[in-house]
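Colleague: Have a look at this one.
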Amino acid sequence: MSFTIALTVEEALTALARGARPIAGGSDLVVGARHGKAPLPDHLVAIDRIDSLRTVTVDDGGLAIGAGVSHDTIERHPQIAANWSALADGSALVGSPATRHVGTIGGNICNASPAMDTGAALVVLAATVELASVGGTRLVPIGELWTGPGRTAVRADELCTAVHLPSPPAASGSAYLRLEYRRAMEIAVVGAGAAVTLAPGGTVAAVRVALSAVAPTIVEVDGLPTGDLAAVGEAAAALASEQARPISDVRASDRYRRHAVGVIARRAVLAAARRAGGESIAVPVNRALGIGAAS
Ligand SMILES: Cc1cc2nc3c(=O)[nH]c(=O)nc-3n(C[C@H](O)[C@H](O)[C@H](O)COP(=O)(O)OP(=O)(O)OC[C@H]3O[C@@H](n4cnc5c(N)ncnc54)[C@H](O)[C@@H]3O)c2cc1C
């Protein structure tokens, strides 16, 4: 067993090339090991002290978030809340304040839970993930990253260093909502992210919807129409329910999840459209709209 603390990306990549596994906040890796999900890897490299992984940059190219940025930072970042709101909604729902302080965006992505709360937002916001190894760097569209529950296209010798999101077009808004049975320390029963761009006159010029906790990976809804907002919302509900492939477990039956994801998808579209129209809805939308568990 070995435990290395990397202070630079290069140090981390060298450790990965020698077979170590990265640990960021440890809120999946360590907690999972304690719960008997999987033993801790024999060789770990801690990446939480690498300053360059903890930066958020906004420029003409869009948003770049270092993989080591915490959910708490994302939730509180004014430009992310204003322009990439769905991601702020998702991060703001993760666990408790303590979980959000230690849990990172890179860990959430690489842990690849189908119920992860940033996944649907990253899909509708067209994120690209930056992966580095001693051999170089590559960019992977988020939709190609997850290959199954807990499985990704990230090679064992690669470190996720950043997530890139393009600037949304004018008159755009996004939102991520989840159905939850309680208001903290909960995993999404189902979740949906939506990004909407409005045309002059308030009709929908472009829309994307992605779903969490209803398939082995985050799924993007195909075949959404544009045009009248109410009709787009209804179509999102119908198509989300149709394209979901949920399981039954202790928290919900597949039938219930299939129905609920339609309701949540429609609400995500409507909330995203309200933000696209300039309305300020606080992060996270779940709390602002009173969705999910009663307070
Ligand atoms: C009480 C509790 C509540 C939670 N609630 C939620 C919730 O509501 N919603 C939700 O989505 N999640 C939730 N989680 C899960 C967890 O907090 C998040 O997934 C968090 O973002 C994980 O980040 P981390 O830095 O702690 O990851 P770690 O545990 O450090 O790592 C997770 C995995 O990713 C790999 N990894 C980490 N960083 C990198 C990197 N940069 N490059 C390559 N691989 C990497 C690790 O090797 C490991 O396999 C909860 C966890 C706990 C303990």
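The values are calculated or read from the model by the stated rules, or taken from the named source; none is laboratory data. This is a predicted model, so every value here is computed, not measured. Positions of Cβ are generated from backbone atoms using ideal geometry, with glycine treated the same way; all protein chains shown enter the neighbour counts. What goes into the accessible areas is simple: the full protein's heavy atoms, side chains included, and nothing from ligands, DNA or RNA. Shrake-Rupley method; radii C 1.70, N 1.55, O 1.52, S 1.80 Å.
Colleague: Please name whichever of 268, 205, 171 sits farthest to the positive end of the charge dipole of the chain, dipole taken about the Cα centre and charges placed at Cβ: Lys and Arg +1, Asp and Glu -1.
Modeller: Positive-most Cα among the choices belongs to 268.
Colleague: Okay, moving on. Can you give me the long-range amide H partners of residue 69? Hydrogens built in the peptide plane at 1.01 Å from N, cutoff under 5 Å, separation of 5 or more residues or another chain.
Modeller: Amide H to amide H, under 5 Å and 5 or more residues apart or across chains, residue 69 pairs with 105, 106.
Colleague: Please work out how much length the chain gains when fully extended from residue 134 to residue 155, using 0.36 nm per residue of separation minus the C-alpha to C-alpha distance, in nm with one decimal. Mind showing how you got there, number by number?
Modeller: On the way: separation 21, 0.36 × 21 = 7.56 nm, distance 1.18 nm.
Here the segment from residue 134 to residue 155 would lengthen by 6.4 nm.
Colleague: Averaged per residue, what accessible area in Å² does the range 172-288 show with a 1.4 Å probe, protein chains only?
Modeller: 42 Å²
Colleague: As a test question: what accessible area, to the nearest 10 Å², does residue 160 have when a 1.4 Å probe is rolled over all protein chains in place?
Modeller: The value for residue 160 is about 10 Å².
Colleague: Follow-up question, since we're still on this one. What nm distance separates the two modelled labels at residue 255 and residue 52, each placed 7 Å from Cα along Cα→Cβ?
Modeller: With each label point 7 Å from Cα toward Cβ, the separation is 5.5 nm.
Colleague: All other residues with a Cβ under 15 Å from the Cβ of residue 133 taken together, and with Lys, Arg as +1 and Asp, Glu as -1, what is their net charge?
Modeller: With Lys, Arg at +1 and Asp, Glu at -1, the net is -1.
Colleague: Over the chain, what is the relative contact order in whole percent, taking alpha-carbon pairs under 8 Å and six or more residues apart?
Modeller: Values: 719 pairs, mean separation 50.3, N = 295.
Worked out over the chain, it gives 17 percent.
Colleague: Can you give the extra length, in nm with one decimal, that the chain gains between residue 247 and residue 4 once fully stretched, where that is 0.36 nm per residue apart less the Cα-Cα distance?
Modeller: Numbers: separation 243, 0.36 × 243 = 87.48 nm, distance 3.87 nm.
Once the chain is fully extended between residue 247 and residue 4, it gains 83.6 nm.
Colleague: In nm, to one decimal, how far is the modelled label at residue 199 from the one at residue 34, with both set 7 Å along Cα→Cβ?
Modeller: A separation of 5.4 nm, rounded to one decimal place.
Colleague: For the range 19-132, what value does the Rg/Rh ratio take when both radii are computed over Cα atoms and Rh is the Kirkwood radius, given to two decimals?
Modeller: Using only Cα positions, Rg/Rh for the range 19-132 is 0.96.
Colleague: Got the relative contact order for the range 172-288 handy, in percent, Cα pairs under 8 Å and 6 or more residues apart?
Modeller: Working: 256 pairs, mean separation 37.8, N = 117.
Value for the range 172-288: 32 percent.
Colleague: Counting helices only, and only those DSSP H runs with n ≥ 4, report the 222 nm mean residue ellipticity of the chain as the sum of -39,500 (n - 2.57) divided by its residues, in deg cm²/dmol to the nearest 500.
Modeller: For the chain, the value works out to -9500 deg cm²/dmol.
Colleague: Can you give the net charge of the other residues whose Cβ lies under 12 Å from the Cβ of residue 247, counting K and R as +1 and D and E as -1?
Modeller: Local charge sum for residue 247: +3.
Colleague: Something else now. Cα-based Rg of the chain per 2.2 N^0.38 Å, rounded to two decimals? Numbers along the way, then the final one.
Modeller: Numbers: Rg = 18.5 Å, N = 295, 2.2 N^0.38 = 19.1 Å.
Relative to the rule-of-thumb radius for its length, the chain sits at 0.97.
Colleague: State log₁₀ I(q)/I(0) for the range 189-252 at q = 0.30 Å⁻¹ as given by the Debye formula over alpha-carbon point scatterers of equal weight, solvent excluded.
Modeller: So the normalised log intensities are -1.29.
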